[in-house]
1. Collect the residues in the stretch 92-103 that are of a type outside the set (S, T, N, Q) and either over 12 Å from the mean Cα position of the chain (by Cα) or modelled with pLDDT under 95 (or both), keeping them in residue-number order.
2. From (1) open to solvent by 70 Å² or more (accessible area, probe 1.4 Å); (2) modelled with pLDDT under 95, pick out the condition that doesn't hold for residue 119.
3. Which ones in the stretch 178-210 are open to solvent by 20 Å² or more (accessible area, probe 1.4 Å) and under 26 Å from residue 113 (Cβ atoms)?
4. How many residues, within the stretch 31-60, are polar (S, T, N, Q) and closer than 29 Å to residue 151 by Cα?
5. Identify, please: which residue in the stretch 55-81 is over 17 Å from residue 10 (Cα atoms) and exposed (fewer than 11 other Cβ atoms within 10 Å of the Cβ) and is, among those, modelled with the lowest pLDDT?
6. Restricting attention to the stretch 131-154, does a residue exist that is among the aliphatic types (A, V, I, L, M), over 22 Å from residue 44 (Cα atoms), open to solvent by 20 Å² or more (accessible area, probe 1.4 Å) and modelled with pLDDT under 95?
7. Go through the residues of the stretch 20-34 one by one and say whether even a single one is open to solvent by 30 Å² or more (accessible area, probe 1.4 Å) and without any contact (Cβ under 8 Å) to a residue 12 or more places away in the chain.
8. Checking residue 235 against (1) modelled with pLDDT of 95 or more; (2) farther than 21 Å from residue 38 by Cβ; (3) not charged (D, E, K, R), which test does it fail?
Amino acid sequence: MLCEPFLTSRSESGWDIPLLAWRAESPLLAVGSAPLGGGIGVRRWVLNATVPMSYDRDDPAAHLAELAHGLDLDGPGVGLLTGVDVTEVVRRTDGGVRVWATVGLGTPVWAAAPEPSAAAPGPAPSAASEPARPAQHVGTVNIVVYVPVRLGDAALVNAVATATEAKAQAIWELGLPATGTPTDAVTVLCPADGDPAPYGGPRSAWGAPLARAVHAAVRSGGAGTVVPWSDRRAG
């Protein structure tokens, strides 16, 4: 079981910067794209750390490991970074699946875009052909998902795809011509033991509630203007 996260902070560069951390009651199987603890493996905790928009460290995994050590988070875990104030985390549940998302949509992009030099000449798309872009500043959508049953390895990979599809659907419904931002990350966790469920697609027994919960969290979190934590801190 992945417990509800606890909110804390760390002192860095003279600032108290918020951190959100989850502890697992027992080791969980995880899959994801996080800078620390990405891939597939057994994990004991998750950390989502706010960073200033000026963040320029080139060792994010090492930085996250330092932050985890400072919180006494032992063993292997998952670490994520965001310019969003993690106190604004959005929680949603559906059919036993639990989702937490921090949503910053300030740098929306299409996943498939031409190389800049290969872009076709001509006028930019008109406002009538694309949804209006809401005013945002910070970009990064971090999604943490807990599924209460063991998923097989293929189902875990499929669950990441399902979460990403649901995120993209929510972003489009929010009025952004985009599928995400360049720095989004997703982590799906489930019990490490038990009979593995074989599927994680959007119409599967566990993929369907996962998709609904992710969609609801991202749509809710992206509905308003998200101010970067460091901008808010600077007044």
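1. If the condition is that a residue be of a type outside the set (S, T, N, Q) and either over 12 Å from the mean Cα position of the chain (by Cα) or modelled with pLDDT under 95 (or both), then 92, 94, 95, 96, 97, 98 are the ones that fit.
2. For residue 119, the exception is condition (1).
3. Once the filter is applied, which keeps residues that are open to solvent by 20 Å² or more (accessible area, probe 1.4 Å) and under 26 Å from residue 113 (Cβ atoms), the stretch 178-210 yields 179, 182, 183, 184, 202.
4. 2
5. Only one residue tops the list, namely 56.
6. There is at least one residue in the stretch 131-154 that is among the aliphatic types (A, V, I, L, M), over 22 Å from residue 44 (Cα atoms), open to solvent by 20 Å² or more (accessible area, probe 1.4 Å) and modelled with pLDDT under 95.
7. Looking for residues that are open to solvent by 30 Å² or more (accessible area, probe 1.4 Å) and without any contact (Cβ under 8 Å) to a residue 12 or more places away in the chain, one finds none in the stretch 20-34, hence no.
8. (1)
The values are calculated or read from the model by the stated rules, or taken from the named source; none is laboratory data. Keep in mind the model is a prediction, meaning the values are calculated, not measured. As a convention, Cβ positions derive from the backbone with ideal geometry for all residues, glycine included, and neighbour counts pool all protein chains shown. The accessibility values were calculated without ligands, DNA or RNA, using every heavy atom of the protein model including side chains. Shrake-Rupley method; radii C 1.70, N 1.55, O 1.52, S 1.80 Å.
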